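Notes to accompany the following structure.
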Amino acid sequence: SALFQDNQGNIWLGTSAGLSCLKKNSDGNYQRVKLAGVPGNYAFTAITQHLDNIYFGTTQGNLLIYNIRSKKFSNVSLVPGVVINNLFYAKNNLLYLSTAGKGLVEYNPVNHQVSQRIPDHKDLGKIYQDKWGLLWIQPEKGIIKYDPSNATYKLFTQKKDAEAVTIDATYQVFEDPY
């Protein structure tokens with residue numbers, strides 16, 4: 001399931017039963033909106049937004065794109081049969097998908113090119129981008145640092161060395177302001 005607030009203040013709910021939107025009224029209250037044209041019968045797992053598009057990941061590897069201006073959905077089959085765990089729209093204007101089965105997938109919304117970036121780590125979770133543009137990705141164990149500028153990555157796990165993280169499982173990444 002997924003929960004997301006868009007830049008207009010609306011709340012989007014992605015669940016195993018489908019997709020819902022709670023529209024924020026001028027008085028600050030929310031009202032459920034009927035969504036017309038949602039393709040397929042999907043369970044939704046992740047939501048993010050860039051400009052006029054809201055992106056929804058599904059348990060079937062599809063990416064649904066909702067255009068706020070046209071109020072229309074489009075459907076892109078990116079990684080068929082694979083759960084999209086997380087979506088992240090990066091500073092380089094590419095959409096990154098962490099998946100359960102195909103690792104990290106990069107999607108270019110302009111030319112619709114799809115590239116698999118971290119294939120040997122199959123089950124990935126949350127994605128965070130730091131101030132230098134590096135992506136930090138949650139694998140099953142440790143943490144992955146991915147550099148989108150040259151498509152390289154490094155896995156940090158619990159080892160007894162100078163570059164080790166202190167725990168084996170990562171649940172959240174936070175960057176301090178310094």
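Side notes on the structure shown:
- Residues of region 143-178 satisfying the condition of being closer than 15 Å to Lys126 by Cα and at pLDDT 85 or above: Ile143, Ile144, Lys145, Tyr146, Leu155
- The one condition in (1) open to solvent by 40 Å² or more (accessible area, probe 1.4 Å); (2) over 24 Å from Leu19 (Cα atoms); (3) at pLDDT 90 or above that Pro119 fails to fulfil: (3)
- Only one of the listed residues (Tyr30, Tyr55, Tyr42) is among the hydroxyl-bearing types (Ser, Thr, Tyr), touching a Phe, Trp or Tyr at 6+ places or on another chain (Cβ under 9 Å) and within 19 Å of Asn7 (Cβ to Cβ). That residue is Tyr55.
- Test: residue in region 65-83 that is touching a residue at least 40 places away in the same chain (Cβ under 8 Å), closer than 21 Å to Leu135 by Cβ and open to solvent by 30 Å² or more (accessible area, probe 1.4 Å): no
- So Asn92, is it open to solvent by 20 Å² or more (accessible area, probe 1.4 Å), touching a residue at least 40 places away in the same chain (Cβ under 8 Å) and assigned to a strand (DSSP E or B): no
- Number of residues in region 17-57 that are free of Cβ contacts under 8 Å to residues at least 40 places away in the same chain and polar (S, T, N, Q): the value is 6.
- Filtered residues of region 1-49 (kept if open to solvent by 30 Å² or more (accessible area, probe 1.4 Å), under 27 Å from Leu94 (Cβ atoms) and of a type in the set (Gly, Ala, Ser)): Ser1, Gly37, Gly40
- If you filter region 40-83 down to residues that are among the aromatic types (Phe, Trp, Tyr) and more than 15 Å from Pro109 (Cβ to Cβ), you find that the one that is farthest from the chain's Cα centre (by Cα) is Tyr42.
- Residues of region 8-42 that are closer than 13 Å to Tyr55 by Cα and either assigned to a loop (DSSP other than H, G, I, E, B) or charged (D, E, K, R) (or both): Val38 alone.
The values are calculated or read from the model by the stated rules, or taken from the named source; none is laboratory data. As the structure is a computational prediction, the values presented were derived from the model and not from experiment. No Cβ is skipped: glycine too gets one built from the backbone with ideal geometry, and neighbour counts run over all protein chains shown. Side chains are part of the model used for accessible areas, which takes the heavy atoms of the whole protein and leaves out ligands, DNA and RNA. Shrake-Rupley method; radii C 1.70, N 1.55, O 1.52, S 1.80 Å.
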